[in-house]
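Asker: Take this structure, written in structure tokens, and hold onto it; I'll ask about it next.
The values are calculated or read from the model by the stated rules, or taken from the named source; none is laboratory data. Bear in mind that the values here come from a model prediction, so they are computed numbers and not experimental data. We place every Cβ from the backbone using ideal geometry, glycine too, and count neighbours over all the protein chains shown. Please note that ligands, DNA and RNA were not included when accessible areas were found on the heavy atoms of the full protein model with its side chains. Shrake-Rupley method; radii C 1.70, N 1.55, O 1.52, S 1.80 Å.
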Amino acid sequence: DNTGTHIWRMAAYAAVLARACGWDEDMVDQMTLAAPMHDTGKIGIPSTILRKPGKLDADEWVIMKTHTTIGFNILSKSEAPLFKLAASIALNHHERWDGSGYPHGLKGKDIPESARIVAVADVFDALTMKRPYKEAWSVPDALEQIRKDAGTHFDPEIIAHFETVLPEIYETKDFWEKLAK
């Protein structure tokens with residue numbers, strides 16, 4: 001249940017953020033449909049790793065990181081623009097602005113903007129929701145971490161846009177929390 005609602009919440013955050021970054025409404029709609037596929041590759045990850053209540057060990061982490069390429073390989077089979085966008089997001093959403101991410105260590109604007117947007121939406125949602133391996137963070141604590149990671153994990157310009165749409169992000173979060181009750 002948490003994973004299911006996670007993909008729709010983070011897609012809603014990604015759509016808000018894409019609009020703030022200047023995407024036109026057709027592309028925002030594509031983001032809304034493509035973003036939920038960002039973790040498609042997790043179908044190739046053993047459930048013992050996905051549901052582990054504690055931190056992953058080094059060998060488990062190597063396996064977990066392959067979800068980006070597994071997802072890309074699945075989604076890139078289609079020529080449809082939606083699936084091309086989803087494949088790019090799946091492959092690149094764990095790249096980091098400073099080049100320390102995976103799977104290819106892309107840096108800065110070499111990371112597709114779609115993946116840079118999804119990275120922020122994904123982390124915001126992951127931090128603020130309870131997971132098997134952690135408690136939910138407060139929104140202020142999550143925002144503090146995201147701000148701190150601007151320029152290392154995240155594109156600073158994307159974070160600046162995120163700041164401008166925080167009221168809409170809060171509304172989106174409230175909507176999904178009410179829906180879950």
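Asker: Give segment 133-165 a look and list any residue that's of a type in the set (Asp, Glu), open to solvent by 60 Å² or more (accessible area, probe 1.4 Å) and farther than 30 Å from Pro53 by Cβ, or say none.
Answerer: Within segment 133-165, Glu157, Glu163 meet the criteria.
Asker: Additional query: Give Gly105, Gly99, Gly151, Gly71 a once-over and let me know the one that is over 13 Å from the mean Cα position of the chain (by Cα) and within 21 Å of Pro36 (Cα to Cα).
Answerer: After ruling out the rest, the residue left standing is Gly71.
Asker: Return the only residue of Ala119, Ala115 being in contact with a strand residue (DSSP E or B) (Cβ under 8 Å, 6 or more places away or on another chain), of a type outside the set (D, E, K, R) and modelled with pLDDT of 95 or more.
Answerer: So the residue among Ala119, Ala115 that is in contact with a strand residue (DSSP E or B) (Cβ under 8 Å, 6 or more places away or on another chain), of a type outside the set (D, E, K, R) and modelled with pLDDT of 95 or more is Ala119.
Asker: Now a separate question. Kindly list the number of the only condition in (1) farther than 15 Å from Val120 by Cα; (2) in contact (Cβ under 8 Å) with a residue 12 or more places away in the chain that fails for Ser138.
Answerer: Result: Ser138 passes all but (2).
Asker: Of all residues being assigned to a helix (DSSP H, G or I) and open to solvent by 60 Å² or more (accessible area, probe 1.4 Å) in segment 1-30, which is modelled with the lowest pLDDT? Just the residue, please.
Answerer: Here the residue is Thr3.
Asker: Can you tell me which residue in segment 114-132 is nearest to Asp26 (Cα to Cα), limited to those that are in contact with a His (Cβ under 8 Å, 6 or more places away or on another chain) and open to solvent by 30 Å² or more (accessible area, probe 1.4 Å)?
Answerer: Among them, the one singled out is Val123.
Asker: Still on this structure, please answer the following. Any idea how many residues of segment 154-170 are under 10 Å from Val16 (Cβ atoms) and either modelled with pLDDT under 95 or among the hydrophobic types (A, V, I, L, M, F, W, C) (or both)?
Answerer: The number of residues fulfilling the criteria is 4.
Asker: Right, something else. I'd like to verify a number: residues in segment 37-91 that are of a type in the set (Val, Ile, Thr) and closer than 20 Å to Ile117 by Cβ, how many?
Answerer: 3
Asker: Name the one entry in Ile45, Ile111, Ile63, Ile49 that is open to solvent by less than 50 Å² (accessible area, probe 1.4 Å), under 24 Å from Phe154 (Cα atoms) and not hydroxyl-bearing (Ser, Thr, Tyr).
Answerer: Ile111
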